[in-house]
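J.: Sharing a structure, written as structure tokens. Questions coming.
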Amino acid sequence: MGHSILIIDDSAVVRQQILATLRTAALFETHLEAADGIEGFKAALNQSFDVIVCDLEMPGMDGFKFLAMRNAREDLRDVPVIMLTGREDLETKIRGLDQGASDYVTKPFDPAELVARVRVQLKLKTLQDELKKSNQLLLQLSNTDPLTSLHNRRFLMDTLAKEVERSCRTEIPLALVMIDIDHFKRVNDTYGHQVGDAVLVAVAALLQGQLRPYDTAARFGGEEFVLVLPSTELMAAGAVAERLRKLTANLSFAKEGATDLVLTISAGVAVVSPGSIVNADDLIRQADTALYRAKQDGRNRVVLASP
Ligand code: GH3
Ligand code: MG
Ligand code: MG
Ligand code: MG
């Protein structure tokens, strides 16, 4: 993929020299020019660049101010800026580097030096982008259950702690639904582990498909799932669980070769109500107790925790 580059300099002649030099070395595919810091800053906000070459002395917003503006923007901080300094003034260069410039080139510049310095910054930027991408992937993997692609327990506990805290502070209710597939061991025993896995994937997809964008569905353990429903009262959460219970009973596994499999779930529902002081563990415990009652009472049902 070709690089994109932004040249900020008040002199059109200098901009052309820079572009011609970098073009000869085939260092970029797309480029944009700006005549001062503010124009350059706007360009950088509108479009992503792999490297920015910025003059220091410009009327209006100069290079230092441009750096300061850029530093205030998280999304721009990773774009390397090479400062063009008119003078051989060491202090100015140090100040530029201190303020976040990645490198500097003294004007009038030597073409080979400019090419070399831009090339180094492009290489670093590419490595940095790759690292960021693999870090994002790692984070996603560490928060995701590999079988169902739902959030895993780790992510759930992080989210739940925040949501419980928010609910206690804002006094807006928060509901938690603990779901457990009934007699799931029988599914494995009767149809095999592979069908068991397919059942887990299907239930996960059903849960995910029924939720609002700000709800969270997670695989809590083997055949247990947890839903976190912000701004939801006990009765409303119970209705959600009831709907899911009915939908689960309608799932067909004929495609998996389990034509006669009728799957049911049990659920326990608990809430953080305004004025109550609970933590995430309390809430889980309450939902789990309600779920236990649902199992005791014959499964395939929803039980609300007593408020
Ligand atoms: P109950 O109605 O009381 O919940 O009975 P149950 O059989 O669902 O509960 P139990 O805890 O006895 O069994 C859960 C089973 O889930 C046992 C375990 O082998 C199975 N299991 C856990 N994780 C997975 C998985 O990733 N894939 C498959 N296929 N089975 C799993
Ligand atoms: Mg200038
Ligand atoms: Mg279980
Ligand atoms: Mg079970």
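J.: Being outside any helix (DSSP H, G or I) and surrounded by 24 or more Cβ atoms within 10 Å (Cβ to Cβ) narrows it down to one residue among V271, V262; which is it?
T.: Values: V262 fails: surrounded by 24 or more Cβ atoms within 10 Å (Cβ to Cβ).
Criteria check complete, one pass: V271.
J.: Another question, then. Could you identify the single residue in Q140, Q121 that is touching a strand residue (DSSP E or B) at 6+ places or on another chain (Cβ under 9 Å) and not small (G, A, S)?
T.: Details: Q140 fails: touching a strand residue (DSSP E or B) at 6+ places or on another chain (Cβ under 9 Å).
Going through Q140, Q121 in turn, the sole match is Q121.
J.: What is the number of the single condition among (1) more than 16 Å from ligand 2 (Cβ to nearest atom); (2) surrounded by fewer than 18 Cβ atoms within 10 Å (Cβ to Cβ) that P108 does not meet?
T.: Only one criterion in (1) more than 16 Å from ligand 2 (Cβ to nearest atom); (2) surrounded by fewer than 18 Cβ atoms within 10 Å (Cβ to Cβ) is unmet by P108, namely (1).
J.: Something else: Go through (1) at pLDDT 95 or above; (2) within 29 Å of the chain's Cα centre (by Cα); (3) assigned to a helix (DSSP H, G or I) and name the single condition K65 misses.
T.: (2)
J.: Still on this model: Please find, among T259, T289, the residue that is among the hydroxyl-bearing types (S, T, Y), within 20 Å of F220 (Cα to Cα) and in the same structural domain as V177 (by TED's automatic domain parsing). It would help to see each step written out before you state the result.
T.: Values: T259 fails: within 20 Å of F220 (Cα to Cα).
After applying the criteria, what remains is T289.
J.: Continuing with this model, one more query. All but one of (1) over 20 Å from the mean Cα position of the chain (by Cα); (2) within 30 Å of S276 (Cβ to Cβ) hold for L156, so report the exception by its number.
T.: (1)
Matching residues to (1) closer than 19 Å to V120 by Cα; (2) touching a Gly at 6+ places or on another chain (Cβ under 9 Å):
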site	(1), (2)
H3	yes, no
V13	no, no
A25	yes, no
F28	yes, yes
A35	no, yes
C54	yes, yes
A68	no, yes
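J.: Something else: If you take the residues in segment 147-183 that are in a helix (DSSP H, G or I) and charged (D, E, K, R), which one is farthest from G222 (Cα to Cα)?
T.: Start the filter on segment 147-183 by keeping residues that are in a helix (DSSP H, G or I), which leaves 153-170.
Then drop every residue that is not charged (D, E, K, R), which leaves 153-154, 158, 162-163, 165-166, 169.
Working: R153: 11, R154: 14, D158: 19, K162: 24, E163: 24, E165: 27, R166: 29, R169: 33 Å.
If we take residues in segment 147-183 being in a helix (DSSP H, G or I) and charged (D, E, K, R), then R169 is farthest from G222 (Cα to Cα).
J.: Just checking, does segment 35-56 include any residue being of a type in the set (D, E), touching a residue at least 40 places away in the same chain (Cβ under 8 Å), assigned by TED's automatic domain parsing to the domain that holds S102 and under 28 Å from E91 (Cβ atoms)? Before the answer, list the steps.
T.: Quick first cut of segment 35-56, residues of a type in the set (D, E) only: 36, 39, 50, 55.
If we keep only those that are touching a residue at least 40 places away in the same chain (Cβ under 8 Å) as well, we get 50, 55.
Applying the additional criterion that residues be assigned by TED's automatic domain parsing to the domain that holds S102 yields 50, 55.
Those still in the list that are under 28 Å from E91 (Cβ atoms) too: 55.
Yes: one or more hits.
J.: Filter segment 9-36 for residues that are among the β-branched types (V, I, T), surrounded by fewer than 17 Cβ atoms within 10 Å (Cβ to Cβ) and in contact with a helix residue (DSSP H, G or I) (Cβ under 9 Å, 6 or more places away or on another chain) and give the result. Show your work before the answer.
T.: Taking segment 9-36 as the starting set, the residues that turn out to be among the β-branched types (V, I, T) are 13-14, 18, 21, 24, 30.
From what's left, surrounded by fewer than 17 Cβ atoms within 10 Å (Cβ to Cβ): 13, 24, 30.
Within segment 9-36, T24 is the sole residue that qualifies.
J.: Taking S134 as meeting all but one of (1) touching a residue at least 60 places away in the same chain (Cβ under 8 Å); (2) small (G, A, S); (3) loosely packed, with under 12 Cβ neighbours inside 10 Å, write down the number of the exception.
T.: The single condition S134 does not satisfy is (1).
J.: Does A198 satisfy being part of a helix (DSSP H, G or I), assigned by TED's automatic domain parsing to the domain that holds P274 and either surrounded by 22 or more Cβ atoms within 10 Å (Cβ to Cβ) or more than 16 Å from ligand 1 (Cβ to nearest atom) (or both)? Spell out how you get there, then give the answer.
T.: On the way: part of a helix (DSSP H, G or I): yes; assigned by TED's automatic domain parsing to the domain that holds P274: yes; either surrounded by 22 or more Cβ atoms within 10 Å (Cβ to Cβ) or more than 16 Å from ligand 1 (Cβ to nearest atom) (or both): no.
The answer is no for A198.
J.: Among the residues of segment 100-128, how many are within 36 Å of the chain's Cα centre (by Cα) and either modelled with pLDDT under 95 or of a type outside the set (D, E) (or both)?
T.: Pass one, segment 100-128, residues within 36 Å of the chain's Cα centre (by Cα): 100-104, 115-128.
From what is left, the residues that are either modelled with pLDDT under 95 or of a type outside the set (D, E) (or both) are 100-102, 104, 115-128.
The number of residues fulfilling the criteria is 18.
The values are calculated or read from the model by the stated rules, or taken from the named source; none is laboratory data. Worth saying up front: this structure is predicted, and the values here are computed from it rather than measured. Backbone-built Cβ (ideal geometry, glycine too); neighbour counts: all protein chains shown.
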